[in-house]
1. Find the all-direction average of the projected area of the Cα convex hull for the stretch 155-299, expressing the result in square nanometres with one decimal place.
2. Out of all Cα-Cα pairs in the stretch 123-170, roughly what percent, to the nearest whole number, are more than 18 Å apart?
3. Taking H as built 1.01 Å from N, whose amide H comes closer than 5 Å to the amide H of LEU99, not counting residues under 5 places away?
4. In square angstrom, what is the accessible area per residue of the stretch 241-371 with a 1.4 angstrom probe?
5. Quick one: pull the percentage of alpha-carbon pairs in the chain with a separation above 46 Å.
6. Which value, in Å², gives the accessible area per residue of the stretch 123-229 when a 1.4 Å probe is used on the protein heavy atoms?
7. Taking a ≥ b ≥ c as the square roots of the eigenvalues of the Cα gyration tensor of the stretch 189-250, is the shape rounded (a/c under 1.5), prolate (a/b larger than b/c) or oblate?
8. What do the square roots of 5 times the Cα gyration tensor eigenvalues come to for the stretch 389-445, in whole Å, largest first, as semi-axes of the equivalent ellipsoid?
Amino acid sequence: MALNYIYPDYELVRNYDRCINCRVCERQCANEAHEYLEEPKKLVCDDAKCVNCHRCAALCPTRAIKIIKSGSTYKENKNWSGKTINEIYRQAASGGVLLSSMGNPEDYPVYFDKIILNASQVTNPPIDPLREPMETRVSLGAKPQNIERDSSGRLKNNLPPRISLSMPVMFSAMSYGSVSYNAHESLARAAEAAGILYNTGEGGLHEDFYKYGRNTIVQVASGRFGVHIGYLNSGAAIEIKMGQGAKPGIGGHLPGTKIVGDISKARMIPEGSDAISPAPHHDIYSIEDLRQLVYSLKEATEYKKPVIVKIAAVHNVTAIASGIARSGADIIAIDGFRGGTGAAPTRIRDHVGIPIELALAGIDRRLRDEGIRDNVSVIAGGSIRSSADVVKAVALGADAVYIASAALIALGCHLCRSCHAGKCNWGIATQVPELVKRLNPDLGYERLFNLMNAWKHEIKEMMGGMGINSIESLKGNRLMLRGVGMNEKELEILGIKHAGE
Ligand code: SF4
Ligand code: SF4
Ligand code: SF4
């Protein structure tokens, strides 16, 4: 038997005084970490199989289980952490690329946590959002270059196609296949109820969800899975995915084991075949090529849908955004390097890309400097965690934000970071029918809707505190921001002053 050098990261601790042998934990763990022994009639566990998803602990009726960080340590130092040593053991055993899920966990600065918001005190008094009207609606898309009148002097409606949101938040791309049918239904229904949009990701669209089209962004990625004219026409906007924050510069891979039943139908590929998205779009090698695709999609949908181009935040992101703004796209979506994903090579996820805050501020400034800011709207994504992050992103120049991990957490995700294994105990990142059933879409939709409502209230409160009654007045309003604990260069890129100035 091969030696397993790795000590489990977590320990399952069962309080046998509380355990009533109901075996709920055994049934709930798809990783088979709990096992009932007929003799001596008790549950035992295999810590090595546990991914710390908290399902068993949450559902144990007597609160008999807790999961703790393993106390076992290597003789670590700054250079050789236990994590680094374990990764080498894993690669030495498998010979393969390390895979991970969700966002970058490394210790890079989170700039949102170093930015604080202003509040009015004496002059320009605060506004009470419970008594005064507060406008959180936003409209995304290109603004008309000029006002035109017809021969009788009436204003011509030359507004390019746009999307309207009740608040500056949308659900980011998560494909049917990477997440379950019930997760998609929850997202679609919550988007409709909250007056925002969700995004199909690159997996095509299940026919059951065409009815949510007004609240749907349909994505066109390099694999072109499930893209046909009915699909393009079914959404309110079309997104070309050039890149993704969690894995900039590389393609995607959904294993054939997940391409089953309706997923194969929605993606228009045979059951069991791997869904491989190439790193580049094979017809796009320049901004001119991108422009061709933007206009092909507009032409195909009779110029009725705004086109979004999504890119990962990388070193030269401001120049790329400037090119996209000139390509005919209506909206640019930028995805920062803390963004989540169902599966990414660990090295790419943790070492490629830049923080969304710096990318966003840089793009907003460059588009303004070049006089083309009104050509496009900007969506920022990549680990927006709270309504405060939303407000800060808007003040840094975003028209709206994308959220994904926060939405999954609202659905019950416990950030165990094992989506790539396909055995999500919470019924989200899985296609195993018994696991999918665990996410009740009625409850999922309600929880997402609640989250959006709560955030909207908080956004209004923060706006009111700043004496602002319209989210549009906050856009790019860096006077409302101050930095703490940042150096001159960071403040310069963000375009904000230090606290106390
Ligand atoms: S769910 Fe809790 S009470 Fe039931 S067998 Fe497991 S540990 Fe014991
Ligand atoms: S993987 Fe989840 S359900 Fe299984 S033992 Fe660990 S915490 Fe419990
Ligand atoms: S979606 Fe599921 S598998 Fe993925 S991190 Fe969340 S709980 Fe874990």
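The values are calculated or read from the model by the stated rules, or taken from the named source; none is laboratory data. Keep in mind that what you see is a predicted model, and the values were worked out from it rather than measured. For neighbour counting, all protein chains shown are included, and Cβ atoms are generated from backbone atoms with ideal geometry for every residue, glycine included. Each accessible area value is taken on the protein alone, full model and side chains, heavy atoms only, with ligands, DNA and RNA left out. Shrake-Rupley method; radii C 1.70, N 1.55, O 1.52, S 1.80 Å.
1. 9.9
2. Value for the stretch 123-170 (Cα pairs over 18 Å): 58 percent.
3. Sorted by chain and number, the residues that satisfy this are THR346.
4. Result: 40 Å² per residue.
5. 14
6. Heavy-atom SASA per residue in the stretch 123-229 reads 45 Å².
7. oblate
8. They are 29, 13, 8 Å, listed from largest to smallest.
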